[in-house]
Structures are given as structure tokens and as C-alpha cells.
Amino acid sequence: MKRLVIVLALMLLLSTTAGCAPQSSGSGEGDGLHSIVPSVIGLDETAARDALDEAGYVVGEVSVDLTSDAEPGTVIEQDPIASTSLPREAEVDIVVAGP
């Protein structure tokens, strides 16, 4: 439950500050060497992998949270968080809800 509250608080914070952060052209390209990490929270693992690959990132560690109330297979956390600018080919770790 505590994790869910933290995730929801982060999502709220991101949604209220999204207009304040520098944005790329929308293509995820950034300056060509860096890209903006997309949000993959709420996606299933396959869709999250596809979104990260399209943005130029590699899925790093995949953890399973067996205590989550989310739909099994759904990404419930990511590190680094969405809207972070990182070098292309950097790893993004995800936590997936377990059965």
C-alpha cells in the first residue's frame, strides 16, 4: 500500500510539473545524444519494452512486485522516472506487478 501511495504521489507530481520541464520536439530525440525517458507505468511489460526501445533505451533490471494490487504484468515503477533526460542506450529498470 505504501508503494502505491508513493507511485501515485510521483504520478501526481509529474503531471503537475510536466509543463515546467524542458521538452523535446515530441519525437523522443532530445539533442541526438540524449532522449527523454517516456512513462511506461501502466503499460504491460511488452509495450513498455517497445516504448523504451523506440525512445532509444534498453530495459535494465526487471523486478516483480508480488504485493501490488495492479494487474499482473503491468509496469508499476520505473527508474529513472519519466521525463528524465538520459544518454541514448541507457538502461531503464522496471517493476512489474506479479500474479
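Bear in mind that the values in this text are calculations on the coordinates, not laboratory data. This one's a predicted model, so the numbers in the text were calculated from it and none came from an experiment. For neighbour counting, all protein chains shown are included, and Cβ atoms are generated from backbone atoms with ideal geometry for every residue, glycine included.
In the range 35-99, Cα pairs under 8 Å separated by at least six residues give a relative contact order of 45 percent. Counting Lys and Arg as +1 and Asp and Glu as -1 over every other residue whose Cβ lies under 9 Å from the Cβ of GLY60, the net charge comes to -4. Between the listed residues SER35, VAL96, THR46, the Cα displaced farthest toward the positive end of the dipole of the range 35-99, a dipole computed from Cβ unit charges relative to the Cα centre, is found at SER35. In this simple spin-label approximation, GLU61 and ASP93 carry label points 7 Å from Cα along the Cα→Cβ vector, and these lie 0.3 nm apart. Summing charges over all other residues whose Cβ lies under 12 Å from the Cβ of ALA51, with Lys and Arg as +1 and Asp and Glu as -1, gives -4.
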